[in-house]
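Colleague: Okay, handing you the structure first.
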Amino acid sequence: MTTDLLVQDRPAAVRRLLARPELGALIAAVAVFLVFAAVAEPFLRVSSLGTVLYAASTIGIMAVPVSLLMIGGEFDLSAGVLVTTAALTSSMVSYQFTAVTWVGVVVSLAVTLAVGWFNGWMLGRTRLPSFIVTLGTFLMLTGANLGVTKLVSGTVSTKPISDMEGFASCRWLFASEVTVGGLTIKATVWWWLGLLAVGTWVLLRTRFGNWIFAVGGDAAAARAVGVPVARTKTVLYLGVGFGAWVLGQHLLFSFDTVQSGEGVGNELIYIVAAVIGGCLITGGYGSVAGSALGALIFGMASKGIVYAQWNPDWFKFFLGAMLLLAALLNAFVKRRAERGPR
């Protein structure tokens, strides 16, 4: 009797597995790992694992809030330069107005959250596409990063702040590392895992997570049943601002100075990681865990190409191909899930 029930339940379990948005990313991650494990001997070293995790974490920190935003049906083209804005703000406020780095860190958080709130507020008030709203923010931040840095510092980079009070503690929080048995784990990996856990819990275990799926699937229908559409999207943009703040502080306290022109184009990598992880461009479908797999694929590919001594110029081609394949696979999986069992 029990055996019969298990046999009957097996097809349903298989169907649920095949309907998971992150399934394609998991298969791709395994395939990428096997390829580089076969062609690049250094790829399997313990020290290489730390390098891959670090590369993945610098994308994954932003991929988590970006994937939540995409599930909610929106984009943020300003996410890449907002990371640089966070680092520049923290550095210049610390150097110009106070000798305590924590003051700059707090002001930087306020600035990134304000930018996120602005994107959400503009989206709700104007009903313009998020592509237009955040493209405008992207251009404004790109200009402000360069203009303000030149005005304040006289150059395109910030001044060193490593001798200021609080630098050591900030560096420990945002840019420290731990080495165990040859494996070096940087602070960004812990931040990434923490954001991944919180994002997954919010999306799958809270009412707000239901709102995210609802506003991304059909905003008008969600509004009709009482979902606060504008507020939900604003909170999602605040999440992107928080992720940008974390990554910006890591860049600052890792390298001490920041180049004001950095970050342009990174927003596309965050979007690619989310799409590879199972998020649909149209919204209403996706996975935070999948975005982590997308970031891991990015980390393995970017470092695996180096270990294999391939021409790194092919890396962007690889990302583009992965994006197209993931978008097609995500659409197919969603259609299968919507049709249900046959």
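The values are calculated or read from the model by the stated rules, or taken from the named source; none is laboratory data. Only a predicted model underlies this, so the values are computations on that prediction, with no experimental measurement involved. Glycine gets a Cβ as well: all are built from the backbone with ideal geometry, and neighbour counts include every protein chain shown. Accessible surface is based on the protein model in full, side chains and every heavy atom, while ligands, DNA and RNA are left aside. Shrake-Rupley method; radii C 1.70, N 1.55, O 1.52, S 1.80 Å.
Colleague: If S162 satisfies every condition in (1) open to solvent by 50 Å² or more (accessible area, probe 1.4 Å); (2) in a helix (DSSP H, G or I) but one, which is the exception?
Modeller: Of the numbered conditions (1) open to solvent by 50 Å² or more (accessible area, probe 1.4 Å); (2) in a helix (DSSP H, G or I), the odd one out for S162 is (2).
Colleague: In this structure, does G181 turn out to be at positive phi and without any contact (Cβ under 8 Å) to a residue 40 or more places away in the chain? Walk me through it before giving the result.
Modeller: Working: at positive phi: yes; without any contact (Cβ under 8 Å) to a residue 40 or more places away in the chain: no.
Against the criterion (at positive phi and without any contact (Cβ under 8 Å) to a residue 40 or more places away in the chain), G181 does not qualify.
Colleague: Moving on to the next point. Suppose we filter G136, G120 for residues that are in contact (Cβ under 8 Å) with a residue 24 or more places away in the chain and surrounded by 13 or more Cβ atoms within 10 Å (Cβ to Cβ); which single one remains?
Modeller: G120
Colleague: To continue, here is another question. Could you list, in sequence order, all residues of the stretch 223-240 that are more than 17 Å from W192 (Cβ to Cβ) and either under 12 Å from the mean Cα position of the chain (by Cα) or of a type in the set (V, I, T) (or both)?
Modeller: Scanning the stretch 223-240 gives V225, V227, V229, T232, T234, V235.
Colleague: Scan W201, W192, W211 and give me the residue that is closer than 30 Å to V227 by Cβ and open to solvent by less than 30 Å² (accessible area, probe 1.4 Å).
Modeller: One residue alone meets the criteria, W192.
Colleague: Is it the case that T101 is open to solvent by less than 60 Å² (accessible area, probe 1.4 Å) and within 22 Å of the chain's Cα centre (by Cα)?
Modeller: So T101 fails the test.
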